[in-house]
1. Output the residues belonging to segment 229-243 that are modelled with pLDDT of 90 or more and over 26 Å from the mean Cα position of the chain (by Cα).
2. State the number of residues belonging to segment 15-25 that are touching a residue at least 24 places away in the same chain (Cβ under 8 Å) and buried (at least 24 other Cβ atoms within 10 Å of the Cβ).
3. Return the residue satisfying two criteria in turn: it lies in segment 179-215 and is within 18 Å of the chain's Cα centre (by Cα) and β-branched (Val, Ile, Thr), and of such residues it is farthest from Val17 (Cα to Cα).
4. With the structure loaded, tell me whether Ala102 is touching a Gly at 6+ places or on another chain (Cβ under 9 Å), in a loop (DSSP other than H, G, I, E, B), among the small types (Gly, Ala, Ser) and modelled with pLDDT of 95 or more or whether it fails that test.
5. Tell me, yes or no, whether segment 47-68 has at least one residue that is among the small types (Gly, Ala, Ser), out of contact with any Ser or Thr (no Cβ under 6 Å at 6 or more places or on another chain), over 30 Å from Ala272 (Cα atoms) and at pLDDT below 95.
6. Just need a number here: residues in segment 162-216 that are in contact with a Phe, Trp or Tyr (Cβ under 6 Å, 6 or more places away or on another chain) and part of a loop (DSSP other than H, G, I, E, B).
7. In segment 173-186, what residues are surrounded by fewer than 17 Cβ atoms within 10 Å (Cβ to Cβ) and not aromatic (Phe, Trp, Tyr)?
8. Residues that are assigned to a loop (DSSP other than H, G, I, E, B), more than 19 Å from the chain's Cα centre (by Cα) and either surrounded by fewer than 24 Cβ atoms within 10 Å (Cβ to Cβ) or of a type outside the set (Ser, Thr, Tyr) (or both): does segment 124-138 have at least one?
Amino acid sequence: MTSVVVTGAGGFIGRRVVCAANSAGYSVTAMVRKPYPDAVHSVIQHDLSLPLDKLPPADWIFHLAGAYAGAGDEELQNADLAMARNVIHCGVAAGIKNWIFASAAEVYGDVHGTATEEAPTEPVIPYGRIKLKVERLLLEKTKDISNCRVVILRIGEVYGSESRLITELTARLKRGFCPWPGTGDVPLSFVHVDDVAQAFSCVVQSAPVGISVYNVADDMPATWLDFSVRVARLLGTRPPVFLPETVVHLYATCGTLACRVTRREPILTAHAVRLITTPKALSNTRLKHELGFEPRYPKYSEGLEEVFRGLSHHS
C-alpha cells in the first residue's frame, strides 16, 4: 500500500488531496495544526513552523502547508519558509524519497502569453518569491537522494465551494458593492480544487524518477472579468465595480496601516491587489501528455456551475 504524509491536510486544498488519496487506497498521515475531522490512517497535530522531532516512514510527502497568497514577506518567511525547512529536514532524515510540493503560478511573475514550465521565474509578489525559494530549497536538500522523485506543481488560481476566493467574492457581491482593481481584463488560469487533487494522484501513478515541474490548470485561460461576472450572474447580483488600480492600492495601503494599529487582519493588502492584477495564464500540456491529467472541469464556467449547484443544495 502506498503511504503518504500530507502537510496542510486541514486546508482547503489539503482536505481534497487527502480525500483523493484515501479513495485511491493510500495510507494517509495527515499533518495539521488543529484537530482533524476526517478518517485517515493517522494524524500528527503540530505547528510546522516549529521544529519537528520526526516524521513516520512513507513513500511520499505531499507538502501543501502555507500561508495566504496575499501575505507579506515577514509572514511568509515565518510560515512557508520555516515550515518547508522543518518538513524537508525531517523527511530527508526519515529516508522519504518521493516529494510533491504545491507551488504556485506566481513564481512566473508577469506572464506574457501562456507560461510553460520553461518560462522565466521572475515573481513580483512575496508569495511568488517564497514559493520559488521553497522550490529551490527542496531541490537542494534532496539532490543526493538516489532514485527519488521530486515534483513541483505550479498551481493556477484554485476555486471550489470552500475556497477563500469564492466565499469572499460571494460575500462582497451579495453586499451590493464589490470593488475590483483595474478593468479585470487580466488573463489567468483557474483550476477546480478536485482537479488539483487529481494532479497529485497523477504524479504518484506516473511521475518519472528525478526532478519534474508541472503546471496545474484547466484547459481554457480566462480573465478576472470573465470569472467575477459569471459568479455575479450565478448569484443574481450586480457585477463588481471596476476602479482605477491607484485608488484600490491607496485603499489597501491605508487599510493595512489602520489594521496594524487595531491589530486586525486587513481586508485587502497591496500584495493581494498585485496578486489579482498580474497575468498568470498557464499551459497544462506537459501534465496532460506526460502524466495523463484530464481535468474534470476543463473550463472555469463548468466548475462554477458545479460549485453553485452544491452551495444551493446546502443552503
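The values are calculated or read from the model by the stated rules, or taken from the named source; none is laboratory data. As the structure is a prediction and not an experimental result, all values here were calculated from the model. So basically every Cβ, Gly included, is an ideal-geometry build from the backbone, and we count neighbours across all protein chains shown.
1. Across segment 229-243, the qualifying residues are Gly236, Thr237, Arg238, Val241.
2. Number satisfying all stated conditions: 2.
3. The residue in question is Val213.
4. No.
5. No, segment 47-68 contains no residue that is among the small types (Gly, Ala, Ser), out of contact with any Ser or Thr (no Cβ under 6 Å at 6 or more places or on another chain), over 30 Å from Ala272 (Cα atoms) and at pLDDT below 95.
6. So the answer is 5.
7. Lys174, Arg175, Gly176, Pro179, Thr183, Asp185
8. Checking segment 124-138: not a single residue is assigned to a loop (DSSP other than H, G, I, E, B), more than 19 Å from the chain's Cα centre (by Cα) and either surrounded by fewer than 24 Cβ atoms within 10 Å (Cβ to Cβ) or of a type outside the set (Ser, Thr, Tyr) (or both).
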